[in-house]
Every structure is written in structure tokens, then in C-alpha cells.
1. Quick one: of the DSSP bridges fully inside the chain, what percent are antiparallel, nearest 5?
2. Classify segment 113-196 as rounded, prolate or oblate, taking a ≥ b ≥ c as the square roots of the eigenvalues of its Cα gyration tensor: rounded when a/c is under 1.5, otherwise prolate if a/b is larger than b/c and oblate if not.
3. Working from Cα positions, state the angle (0 to 90°, nearest 10) between the long axis of helix 65-76 and the longest principal axis of the chain.
4. Which angle from 0 to 90°, rounded to the nearest 10, does the C-alpha axis of helix 155-169 make with the longest principal axis of the chain?
5. Compute the long axis of helix 82-91 from its Cα atoms, compare it with the longest principal axis of the Cα atoms of the chain, and write down the angle in degrees, 0 to 90, nearest 10.
6. Once label points are set 7 Å from the Cα along Cα→Cβ at both GLN163 and ALA190, what is their separation, rounded to one decimal in nm?
7. Just want the answer: with Cβ charges of +1 for Lys and Arg and -1 for Asp and Glu, which residue in PRO93, THR227, ILE63 is farthest toward the dipole's positive end in the chain?
8. What nm distance separates the two modelled labels at ALA203 and SER143, each placed 7 Å from Cα along Cα→Cβ?
Amino acid sequence: MTSRSSLQRPDSSARSEAPAYLHVFDLDGTLMRHTTAALELARQAGCHARVQHLEQELASGVIDHARFAELAHAAWRTQLTADHAQRAFAAAPWLQGMKDVFADIRRRGERSAVLTLGPDTFAHHLGRYADHIIATPYPAPGSRAPFRTGTALRPGDKVTATQRLQTELGLSSEHTIAYGDGPTDQPLFAAVGLAVAINPSPALPANATHLTYRGDDLRTPYEAVRTHFAGRPAVAPTTSTATYSAA
């Protein structure tokens, strides 16, 4: 792993020639350790035990992501407020250096995205740091509207959303980096140039990613990514046939 010097602001000449990349981050278990957005919202709304049980059922395959979202929303629908959601975001156990990493990506003229199957009620607060936020749409806090299960995102949607961003930005999969922690990230890991496991779940196969990091500072795996791509061409066309295998 490199030093943190790569997080310093690049000079203008370096920025104009810097490679352009898309950095795609999972949220639950990746940017936050040992928790999920739904659990943090439930903690504030007073229904943590109920949602924790639902998380266990989801992990064991008893319910799917759509059913989980429906039941989690039902658990906090009459209690969760916008203030609760803001407090949940502020109190969450974020990895150290998260803001530095997003700021460095933006300074370099690159793009970042957070793709999560979790609630947009929580994830949208990351919009102050990341360029794109894609999350499952929940009814707004305070609304008594039921959750619409057809709107729940599924693991494959992470690939579709990333491909849309690649097309919009004119980037190939070889210039896309995915950061995640579990099986729901596997489809995306298989579709990008560099896959990075951050505090991976035991359920994630060891060969699913190129790099693995265990710890509490996002700057460390991010700098390993920068080292991997140092000196590579700027932007590969989306039709490029070039391939890359990380060591």
C-alpha cells in the first residue's frame, strides 16, 4: 500500500492528463463497517431489533431484497422522520478517510457513484460527496404510503446502472473500479476492470476480486487502486478490446 501523498491536490497540468475513471462504491458493509443503512435508520426510529431480524432473514435467503425493503419500511413507517434520517447518517460508523477519497476523485476530474440496494432515505445524504447516488426508492420519511416492491433494486441492477454511467461518461469497463463487500456485489465485480473487496463477507469468494482490504481507513485500498492504474492510458473507448489483469 502507498503513502497518503496521492490524496494531495494534483496540479493543473497533472489533472489535464490524468486518466479518467469511474469509481463505484457499495454502501452497506463497504463505506460503513458492521452495519447497514436500514439498521441505522431503524436504530433512530426505535425498531432496530425488528430490522436486525429481517437482515438475518435476508442473509439466510428466507426473504429477498424486495420483501426485506417492504417489511423494513413497514417497521419504521409511522415513526421515522427526516430528522431521524439525518441523525442516522451523521451517527453512522463511516470508514475513516471517506470524505478525502471522494474529494480526491472529484479533484482529479474523475467520477464516483454509490450503488446500494438499501434505502435512498439514507443514501441520498452521500450526494454531498459522490457524483451519482443510486438506491432503492423508499417513501419519504413521514409518508404513510406503502413501499412498492416493484421498485426494489436487485444485485443485477448494479451492473445495469454502472453500464448506463459508463455510456454517459464514455468510459469502458476497464476504466471502472468497483468497491464492495459481499455476494450482492459479485455481478458488478465480474463486469469491471478492477474489483476491490473491502472488509469482505465470508460469503464472498476469495477469487471474486483483484484486491482485498480489511481495516477502517478507505484511503488505504483507494491508494492501492491508484498504484494499480498508474501510467495506464487516459480513456479507453467503450468499444475497446483491450484487456487488463490486476496482479
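Read-outs: derived from the displayed coordinates by stated rules, not from any lab. Please read these numbers as outputs of a predicted model, since none were measured by experiment. Glycine also receives a Cβ, built like all others from the backbone with ideal geometry; neighbour counts cover every protein chain displayed.
1. Values: 1 of 21 bridges.
Approximately 5 percent, going by the DSSP bridge assignments.
2. Values: a/c = 2.21, a/b = 1.81, b/c = 1.22.
It comes out prolate by the Cα gyration axes.
3. Long axis of 65-76 versus the principal axis of the chain: about 50 degrees.
4. It works out to around 40 degrees.
5. Orientation of helix 82-91: about 50 degrees from the principal axis.
6. 1.3 nm
7. The Cα lying farthest towards the positive end belongs to PRO93.
8. 2.8 nm
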